[in-house]
Amino acid sequence: MDGFSYQSDNYLMKPIAECMGIDPKLLTPVTMMLPLKIHGKPNTRLLRVLLDSGGSSTIINRRILPKGCVPMTCPTFSTKTAAGPFSMNQRLTMKDITLPEFNTNVNIETLNVYVFNQPDCAYDVICGRDLLSLAGVVLDFEQHVIRSQDKEVPMKPPGFWDDHMSMYLALEQIFENDEFEQLRNESFADILPSKYERVKPEDVPLNHLNEMMSKEIHNTIYNYPELFSGFVGKYKEKRIHIDVDEKAVPHHSRPYAVPRVHYDVYKGELERLVNIGVLERTGGSR
């Protein structure tokens with residue numbers, strides 16, 4: 001999961017620098033936002049947010065505006081943010097704003113924001129001191145954490161919100177709330193049931209490879225048909241012994257939650273793996 005690690009019963013990431021050797025300077029104060037209305041238009045989309053105490057006003061990326069949303073023209077406003085400088089002449093109003101990583105209840109009823117136009121920007125919203133003050137957000141760059149409403153969450157490494165499991169664990173309290181079923185379904189792409197079939201050399205597209213590489217792959221599939229049969233085999237050579245440190249302390253962590261929208265596919269795959277002998281039922285799963 002790209003080096004993101006969670007402790008068992010509360011949402012706290014182990015120090016990134018300690019776990020993965022990542023430079024703490026790469027950690028950024030990013031989170032998710034859910035405004036229920038953007039300039040009068042309903043919104044069910046989670047927005048990626050950069051919390052920037054260096055900017056005075058919050059700005060929103062034009063690319064994520066709901067269909068039919070027309071911002072108001074205003075005097076030009078220029079600002080420098082952690083994501084770069086921006087100059088804008090449009091504003092709009094967001095209402096019923098929630099920062100679900102901290103609290104699923106509405107935190108801010110109304111906020112006027114400027115509109116910037118940068119499709120390639122990594123963020124949908126860059127929150128300035130206006131929102132940080134209203135939400136009681138404190139950025140602690142010494143401990144690399146974000147505090148708000150008596151809750152503390154870690155700053156994130158690049159790509160954190162691109163990983164669906166990381167997102168689900170960080171926002172589990174909102175995804176498990178039936179009131180946000182539409183949001184849950186829209187936040188996770190559909191996954192299809194596994195499909196295992198025999199692979200033949202002629203079935204593999206190799207047009208993008210040179211002649212030598214194509215021949216190597218073709219010969220590998222042809223010479224080892226049991227590896228490409230579509231079935232799971234068994235290792236029949238000598239048994240493998242794993243040495244375990246006698247001083248190691250057993251550690252128990254709660255299992256990763258599965259998004260409800262993926263429940264049927266996950267359950268079907270687990271049952272398939274049990275039926276073909278890859279997994280065995282144990283404990284409460286019997």
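With all protein chains kept in place, the per residue accessible area of region 37-131 amounts to 46 square angstrom at a probe of 1.4 angstrom.
The alpha carbons of region 38-93 occupy a box of 30, 26, 15 Å along the principal axes, longest dimension given first.
Under a 5 Å amide H cut-off, with hydrogens placed 1.01 Å from N, F77 pairs with M88, N89 among residues at least 5 apart or on other chains.
The values are calculated or read from the model by the stated rules, or taken from the named source; none is laboratory data. From a predicted model like this one, the values you see are computed outputs, not experimental measurements. Accessible surface areas use protein heavy atoms only, side chains included; no ligands, DNA or RNA. Shrake-Rupley method; radii C 1.70, N 1.55, O 1.52, S 1.80 Å.
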